[in-house]
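S.K.: Structure below; questions to follow.
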Amino acid sequence: MKKLIQATVAIVIISLALLYTTKLLNISGGKTGKDILTIYNWGEYIDPALLKEFEKETGIHVIYETFDTNEAMLTKIKQGGTAYDIAVPSEYIIEKMLEEDMLIPLDHTKLPNLKNIDSYFLDLPFDPHNKYSIPYFWGTVGIVFNPDKVGEFDFHSWQDLWDPALRRQVFLVDSAREVVGIALNNLGYSLNTTDDSELAEAEAKLAELAPNVKAVIGDETTQLMVNNEASVALTWSGQAADMIFENEALDYAVPHEGSNLWFDNIVIPKTSKNVEGAHKFINFMLEADSAAENADYVGYSTPNKAALALMDEEVVNDERFYPPIEQRETLEVYRDLGLDYIGVYNEMFLRFKMSIR
Amino acid sequence: MNKANKTALIPYSLWILLFVIAPIALVGYYSLLDLEGNFSLINYQTFFSSIYLKMTLSSFWYAFLVTLFTLVVSYPTAYLLTKMRHKQLWLLLIIIPSWINLLLKTYAFIGTFGLSGPINAVIKLFGLPEQQILFTDISFVFVAVYIFIPFMILPIFNSLDKLNPTLIDAARDLGASPITTFRRVILPLTMDGVKSGIQVVFIPALSLFMITRLIAGNRVITLGTAIEQQFLVTQNWGMGSTIAVFLIIFMVIIMLITGQKSKGGRVR
């Protein structure tokens, strides 16, 4: 019994000492709450050098955390706990966040660099007049492929994915809307459809794709494509750019039937304790040279037209990643479907995944 | 039970109440809510639709395969271990890999099983065409077995180690063949170890979710995958909880089947 008490006391003392040390480490330099900016972003989605530069310029200490799905981010912010000052959700989640009153309106007088953004990307239906959000990166959903391995296919049409010659070769992303979306696009329906007969048709179409599917995975696709383990994969344009950068043999195509046009946007959630600092950060990221540096590092397409002028011409004129205006007409932005239809899409996706044998 | 003993139980009972009973009650409560937060049995109705029943069956099938192969590998290994000179050291060597992060080990398997990985290099050495190993259910079962082996070996090793060697000698002296000795003496006396091994493997194997995606490329879908998706993607906490309720029920059933009997004729 005595030994037990001694052990308990020892553990408590050690724990307190550790707690104290972590506190000391966290303060590092005696910063108070007003000097800390907590950023919640996608993984690999910012040039770390820019964060350092921002810290040096403003004296604000940045805490950087990452998420890998919009939904996980939403859940975490909703739960509270961490005082996130900046988050980078996709457009359909912004609608949802607005509905649930989770965002702080932006003060445009503190964001003079907003003028750098191409007007094509401003004042979009999910956030009129950009009251709550500023576009960060944009892109498309398409097919990355290895021309040496797939022969004659150029993926000008989604239907190419269904070709029997590609049996057990196609990699899909583990995300319901993208996968259901390729069937909807192929049939010529809207990516935001809530018409049950259209969805049933899409499900039947997807079932025909099952024999061609090799795996349904997440970010691991990048490495598999780079190492030539896979020859065809459904992916986002930015990820495709990363893959092509590492493996020159690869190519990317957005089929002509249409595809998803997506935006990731900077917002200030209501959890923010440093709204002033958050505005400073947004304005910093909107500067032409930081946006150019960031786009260069991340590889996604920037909406910042002042930055485009500073970037490599070969990149900016690459129609695969900066599609011309007429192709943009075929692209469609996701709308929030509401919980009922998110459920319908996901159940459909689950049934599809279970039919892959 | 005297008073001092009762006070000693307070911290533990509080712990159980807060972190075991309360969460289970919450899961039960959420499972009765529909998307709008009204009470309904809709989630249970959905569960009994063909898709979730099919998923339950396939989860059970894969968990069964994983447990079976783990047992087949572990029992002889544990038996040999008890015969070793430095058995504690060998046991440690088997347990050490389980200290390495699961995700890290899984990623290592992606490289190993890949088309340009070492296994395919050997296959090509024999002039055979390269094989697709990754993203098959065989590779899924293999990796799961690899992960669970230490958890199965430990309890079996302990029960074999406690086995009184004179009993085996006695069986031999009385004319039992090695096979009969194993069947009638060793196996019955180590059955408890086998049962707890099955418990610690089968139950987690039912709800494996990460390696279903990384190794099997979602060609294998378990109940765990469905729970993760309901909570994080679909945001349907009710349905996620309902699947969890069934998982808890299945676990209780398995515990009852494999649990140690306290009554009966066994001499302790």
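S.K.: May I ask you to say which residue of B:120, B:101, B:164 is farther than 19 Å from residue B:71 by Cβ and buried (at least 20 other Cβ atoms within 10 Å of the Cβ)?
M.R.: Every option except B:120 fails the conditions.
Conditions (1) at negative phi; (2) of a type outside the set (S, T, N, Q); (3) within 14 Å of another protein chain (Cβ to nearest Cβ), marked per residue:
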| position | (1), (2), (3) |
| --- | --- |
| A:152 | yes, yes, no |
| A:171 | yes, yes, yes |
| A:187 | yes, yes, no |
| A:190 | yes, no, no |
| A:194 | yes, no, no |
| A:199 | yes, yes, no |
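S.K.: Can you find, within region A:144-167, the residue that is nearest to residue A:252 (Cα to Cα) among those that are crowded, with 21+ Cβ neighbours inside 10 Å and touching a helix residue (DSSP H, G or I) at 6+ places or on another chain (Cβ under 7 Å)?
M.R.: A:144
S.K.: Residues that are touching a strand residue (DSSP E or B) at 6+ places or on another chain (Cβ under 7 Å), away from every other protein chain (no Cβ under 14 Å) and within 14 Å of residue A:236 (Cβ to Cβ): does region A:178-185 have at least one?
M.R.: Within region A:178-185, one or more residues are touching a strand residue (DSSP E or B) at 6+ places or on another chain (Cβ under 7 Å), away from every other protein chain (no Cβ under 14 Å) and within 14 Å of residue A:236 (Cβ to Cβ).
Table: residues versus (1) of a type in the set (Val, Ile, Thr); (2) assigned to a loop (DSSP other than H, G, I, E, B); (3) touching an Asp or Glu at 6+ places or on another chain (Cβ under 8 Å); (4) modelled with pLDDT under 95.
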position: A:30; (1), (2), (3), (4): no, yes, no, yes
position: A:74; (1), (2), (3), (4): no, no, no, yes
position: A:93; (1), (2), (3), (4): yes, no, yes, yes
position: A:97; (1), (2), (3), (4): no, no, no, yes
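S.K.: Report, by residue number, each residue of region A:278-296 that is under 12 Å from residue A:106 (Cα atoms) and of a type in the set (Gly, Ala, Ser).
M.R.: Result: A:278, single match.
S.K.: Which of the helices (runs of 4 or more DSSP H) contained wholly in region B:114-175 include at least 2 residues that are closer than 25 Å to residue B:212 by Cα and charged (D, E, K, R)?
M.R.: none
S.K.: Every residue in region A:116-153 that is over 16 Å from the mean Cα position of the chain (by Cα) and assigned to a strand (DSSP E or B), please.
M.R.: Once the filter is applied, which keeps residues that are over 16 Å from the mean Cα position of the chain (by Cα) and assigned to a strand (DSSP E or B), region A:116-153 yields A:117, A:143, A:144, A:145.
S.K.: Take the residues of region A:316-357 that are among the aromatic types (Phe, Trp, Tyr) and within 11 Å of chain B (Cβ to nearest Cβ): which is farthest from residue B:217 (Cα to Cα)?
M.R.: A:341
S.K.: Could you grab me the full set of residues in region A:104-124 that are loosely packed, with under 14 Cβ neighbours inside 10 Å and either within 24 Å of residue A:271 (Cα to Cα) or of a type outside the set (Ser, Thr, Tyr) (or both)?
M.R.: A:105, A:107, A:108, A:109, A:112, A:115, A:123, listed by residue number.
S.K.: Every residue in region A:288-317 that is among the hydroxyl-bearing types (Ser, Thr, Tyr) and over 17 Å from residue A:238 (Cβ atoms), please.
M.R.: If the condition is that a residue be among the hydroxyl-bearing types (Ser, Thr, Tyr) and over 17 Å from residue A:238 (Cβ atoms), then A:290 is the only one that fits.
S.K.: Would you check which residues across region A:314-333 are under 23 Å from residue A:126 (Cα atoms), in a loop (DSSP other than H, G, I, E, B) and touching a residue at least 12 places away in the same chain (Cβ under 8 Å) and list them?
M.R.: The answer is A:321, A:322, A:323, A:330, A:333.
S.K.: Specify the residue that is nearest to the other protein chains (Cβ to nearest Cβ); the eligible residues are those in region B:226-239 that are in contact (Cβ under 8 Å) with a residue 24 or more places away in the chain, assigned to a helix (DSSP H, G or I) and out of contact with any Ser or Thr (no Cβ under 8 Å at 6 or more places or on another chain).
M.R.: If we take residues in region B:226-239 being in contact (Cβ under 8 Å) with a residue 24 or more places away in the chain, assigned to a helix (DSSP H, G or I) and out of contact with any Ser or Thr (no Cβ under 8 Å at 6 or more places or on another chain), then B:226 is nearest to the other protein chains (Cβ to nearest Cβ).
S.K.: Pick from region B:45-55 the residues that are of a type outside the set (Val, Ile, Thr) and buried (at least 16 other Cβ atoms within 10 Å of the Cβ): which of them is farthest from the other protein chains (Cβ to nearest Cβ)?
M.R.: B:47
S.K.: Could you tell me which numbered condition residue B:212 fails, if it satisfies all but one of (1) more than 14 Å from every other protein chain (Cβ to nearest Cβ); (2) part of a helix (DSSP H, G or I)?
M.R.: Here residue B:212 meets the rest and fails (1).
S.K.: Turning to a different aspect of this structure: Go through region A:210-251 and count every residue that is within 14 Å of chain B (Cβ to nearest Cβ), part of a helix (DSSP H, G or I) and closer than 25 Å to residue B:229 by Cβ.
M.R.: 9
S.K.: So which of A:233, A:204, A:241 ends up being in contact (Cβ under 8 Å) with a residue 24 or more places away in the chain and over 25 Å from residue A:133 (Cβ atoms)?
M.R.: A:233
S.K.: Tell me yes or no: at least one residue of region A:297-316 is under 20 Å from residue A:259 (Cβ atoms) and in contact with an Asp or Glu (Cβ under 6 Å, 6 or more places away or on another chain).
M.R.: Yes, region A:297-316 contains a residue that is under 20 Å from residue A:259 (Cβ atoms) and in contact with an Asp or Glu (Cβ under 6 Å, 6 or more places away or on another chain).
S.K.: Now for a different question. Any idea which of B:217, B:197, B:193 is facing chain A (nearest Cβ under 10 Å), out of contact with any Cys (no Cβ under 7 Å at 6 or more places or on another chain) and farther than 27 Å from residue B:35 by Cβ?
M.R.: Residue meeting the stated conditions: B:217.
Table: residues versus (1) in contact (Cβ under 8 Å) with a residue 40 or more places away in the chain; (2) not assigned by TED's automatic domain parsing to the domain that holds residue A:256.
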position	(1), (2)
A:66	no, yes
A:72	no, yes
A:88	yes, yes
A:118	yes, yes
A:133	yes, yes
A:145	yes, no
A:149	yes, no
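The values are calculated or read from the model by the stated rules, or taken from the named source; none is laboratory data. Quick caveat, the model's predicted, so the values are computed rather than measured. Note: ideal-geometry Cβ built from the backbone for every residue, glycine included; neighbour counts use all protein chains shown.
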